[in-house]
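Working notes, structure below.
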Amino acid sequence: MGALADAALAAGGEVVGVIPQSLVDKEVAHTGLTRLHVVESMHDRKALMNELAGGFLALPGGLGTLDELFETLTWAQLGFHHKPVALLNVDGYFDSLLRFCDRAATDGFLHPAHRQMILSGEDPAALLDAMTRHVPPQAGKWWQRE
């Protein structure tokens, strides 16, 4: 995240960070951002990022990236937000994850419309363009008890 923030700042962009106090205390915070919001917890971090963001673009990452990605997708599925969610699929990094989501839809664990919420691509400009054209799915209640 630091390298991405540095590149955006060097290109004249604005970078807004949200970090829990516990990580500031460990001296993990990037002090050169345009704005830095310090919050109490990781939950507060995700809630504020959701409030501030117009959309969500995940780059290759680890468990934290997956945690934030799936919570954001779950909130979209539940209708808590209608913002685009996308994966920058560098060198096929997210291919296996996308296949997993396809399988979840095929096996009935994920509504096909909710699978379509996950935009992905390798070209950043094309992916950002797709995000601007995002239309939230209209799945309604799709699961029934038998």
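Residue-by-condition table, conditions (1) in contact (Cβ under 8 Å) with a residue 24 or more places away in the chain; (2) in a strand (DSSP E or B); (3) not basic (K, R):
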| position | (1), (2), (3) |
| --- | --- |
| A3 | no, no, yes |
| L9 | yes, no, yes |
| G13 | no, no, yes |
| E27 | no, no, yes |
| T31 | no, no, yes |
| K46 | yes, no, no |
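Can we say L97 is more than 21 Å from Q138 (Cα to Cα), assigned by TED's automatic domain parsing to the domain that holds A8 and assigned to a helix (DSSP H, G or I)?
No: the conditions fail for L97.
Just to be sure, is E40 in the same structural domain as A10 (by TED's automatic domain parsing), free of Cβ contacts under 8 Å to residues at least 60 places away in the same chain, exposed (fewer than 12 other Cβ atoms within 10 Å of the Cβ) and touching a helix residue (DSSP H, G or I) at 6+ places or on another chain (Cβ under 9 Å)?
yes
Just one of T65, T74 is under 24 Å from A10 (Cβ atoms), assigned to a helix (DSSP H, G or I) and β-branched (V, I, T); which is it?
T65
Take V90 and decide whether it is at pLDDT 95 or above, over 14 Å from L73 (Cα atoms) and β-branched (V, I, T).
Working: at pLDDT 95 or above: yes; over 14 Å from L73 (Cα atoms): yes; β-branched (V, I, T): yes.
Spelling it out, V90 is indeed at pLDDT 95 or above, over 14 Å from L73 (Cα atoms) and β-branched (V, I, T).
Given (1) free of Cβ contacts under 8 Å to residues at least 24 places away in the same chain; (2) in contact with a Ser or Thr (Cβ under 7 Å, 6 or more places away or on another chain), identify the lone condition not met by V85.
All conditions are met except number (1).
The values are calculated or read from the model by the stated rules, or taken from the named source; none is laboratory data. Everything numeric here is computed off the predicted structure, so don't read it as measured data. Cβ: placed from backbone, ideal geometry, glycine included. Neighbour counts: every protein chain shown.
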